[in-house]
Ligand code: BG6
């Protein structure tokens with residue numbers, strides 16, 4: 001637990017993310033005794049104080065007493081003069097700034113906070129939500145701006161998927177069990193499926209979403225992060241530097257081979273943008289061009305307005321040799337290791353065993369072992385906020401990593417052709433089924 005006193009400043013402190021995720025997470029962490037050195041929580045926002053009071057009244061009572069509101073306009077220097085008065089009284093404390101604001105305001109916030117903080121020697125951290133830039137160039141520009149005022153050790157770029165239990169368990173399964181490391185390569189693995197299917201459409205975020213689309217919203221970050229955890233080499237040491245070095249290395253060897261884009265029926269009415277070519281669904285075949293993964297395809301699929309929420313990674317192992325298929329007079333299922341993040345947080349391993357009533361060489365039946373990941377934290381944000389407080393950057397995206405992520409998707413951004421249309425509420429669109437069929441594979445959903 002961090003033993004120095006600190007204060008939190010949430011820019012956009014009455015916004016959706018703050019209301020739905022940040023404050024509930026801070027409140028639970030506080031109630032469970034994780035934030036004993038927290039001095040104050042300041043919500044900085046343009047909205048009315050009453051909006052903020054509504055947020056605060058739902059918090060743990062003890063925490064509520066530490067919360068304050070500062071009327072704030074990210075673009076207006078006068079707001080920083082007010083903030084200055086507050087910071088003056090926080091001598092020696094660590095200051096943690098959380099940018100829970102529109103990405104269009106990131107630059108102003110970084111520049112103005114950076115200038116203000118030059119007058120202070122307090123330790124500081126800046127936490128930045130996604131999207132970090134809109135392409136490689138803008139991400140580089142944002143990195144350059146950050147480095148004018150902060151050092152990498154003070155910068156926490158968030159991808160909330162990395163706070164999920166199951167994602168962290170990929171690491172544990174791979175690197176704490178000898179039985180898996182030996183098979184984690186092209187000799188045993190046929191292909192990998194990474195899916196993030198959502199039931200929700202774009203809902204109230206239409207205006208923002210239309211400028212982003214599924215490639216920027218999900219593929220560039222969450223999907224590629226999951227891929228990196230599956231595909232990276234074991235780090236020499238379990239420390240943030242070595243973990244992030246390995247992720248960057250694997251991302252630099254990652255390339256999209258082919259990609260299709262879709263859009264749900266009724267999207268244009270939802271966002272009210274005529275002629276938009278933004279996608280709400282994307283399916284890609286990705287290669288990781290190194291010795292371990294040579295010719296092992298990674299299939300990534302994500303989309304909105306589908307039948308059910310399902311976030312899952314499935315490692316599909318190779319088939320048994322053909323001659324044994326003949327001996328068994330059947331084709332056993334391929335073994336699978338699957339990491340599910342939603343609807344449940346669990347690991348499933350499927351394998352083939354003799355049916356209880358069968359003959360000695362009867363066709364085996366698929367059997368599975370399931371392990372639910374019990375967590376003491378309800379939200380990925382709880383894990384990540386605690387890491388920020390404790391100064392552990394292992395689960396945050398480093399500057400060179402964010403650029404490597406953008407490099408992977410760059411050739412596929414801003415396509416001008418209209419995506420294929422799929423009906424709302426279907427399991428997956430037909431073109432996505434066909435995507436795998438051509439390689440005689442099918443999705444495990
Ligand atoms: C966000 C995306 O980063 O992740 C959303 O912007 C998406 O569009 C969400 O719905 C999915 O996260 P989770 O944790 O609900 O699977």
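The values are calculated or read from the model by the stated rules, or taken from the named source; none is laboratory data. What you see is a predicted model, and the numbers here were worked out from it, not measured in a lab. We place every Cβ from the backbone using ideal geometry, glycine too, and count neighbours over all the protein chains shown.
Summary of values
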item: Candidate set from the range 337-347 (those that are buried (at least 17 other Cβ atoms within 10 Å of the Cβ) and part of a strand (DSSP E or B)); member that is nearest to the ligand (Cβ to nearest atom); result: 341
item: Matching residues in the range 118-145 - criterion: being within 20 Å of residue 83 (Cβ to Cβ) and away from the ligand (no atom under 16 Å from the Cβ); result: 118, 119, 120, 121, 122, 123, 124, 125, 126, 145
item: Any hit, the range 320-332, residues being outside any helix (DSSP H, G or I), surrounded by fewer than 23 Cβ atoms within 10 Å (Cβ to Cβ) and at pLDDT 95 or above; result: no
item: Search result, residues across the range 198-230 that are more than 10 Å from the ligand (Cβ to nearest atom), within 16 Å of the chain's Cα centre (by Cα) and over 18 Å from residue 395 (Cβ atoms); result: 213, 215, 219
item: Matching residues in the range 410-445 - criterion: being touching a helix residue (DSSP H, G or I) at 6+ places or on another chain (Cβ under 8 Å) and crowded, with 16+ Cβ neighbours inside 10 Å; result: 412, 422, 443
item: Test: residue in the range 113-126 that is within 19 Å of the chain's Cα centre (by Cα) and either under 28 Å from residue 47 (Cα atoms) or assigned to a helix (DSSP H, G or I) (or both); result: yes
item: Test result for residue 373, surrounded by 19 or more Cβ atoms within 10 Å (Cβ to Cβ), outside the structural domain of residue 18 (by TED's automatic domain parsing) and either under 30 Å from residue 41 (Cβ atoms) or within 16 Å of the ligand (Cβ to nearest atom) (or both); result: no
item: Qualifying position, being surrounded by 16 or more Cβ atoms within 10 Å (Cβ to Cβ) and away from the ligand (no atom under 14 Å from the Cβ), among 165, 159, 190; result: 190
item: Total residues in the range 287-311, condition within 16 Å of the ligand (Cβ to nearest atom) and buried (at least 23 other Cβ atoms within 10 Å of the Cβ); result: 8
item: Cross-chain or 6+ apart pairs with Cβ under 6 Å, the range 114-141 first and on the phi > 0 side of the Ramachandran plot, then assigned to a helix (DSSP H, G or I) and at pLDDT 95 or above; result: 133/139; 133/142
item: Failed item in (1) closer than 15 Å to residue 313 by Cα; (2) away from the ligand (no atom under 14 Å from the Cβ), with residue 148 passing the rest; result: (1)
item: Matching option when the condition is part of a loop (DSSP other than H, G, I, E, B) and in contact with a strand residue (DSSP E or B) (Cβ under 9 Å, 6 or more places away or on another chain), among 170, 183; result: 183
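Per-residue answers, yes or no, for (1) under 19 Å from residue 165 (Cβ atoms); (2) part of a loop (DSSP other than H, G, I, E, B):
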site: 371; (1), (2): yes, no
site: 375; (1), (2): yes, yes
site: 382; (1), (2): yes, no
site: 402; (1), (2): no, no
site: 415; (1), (2): no, yes
site: 418; (1), (2): no, yes
site: 421; (1), (2): no, no
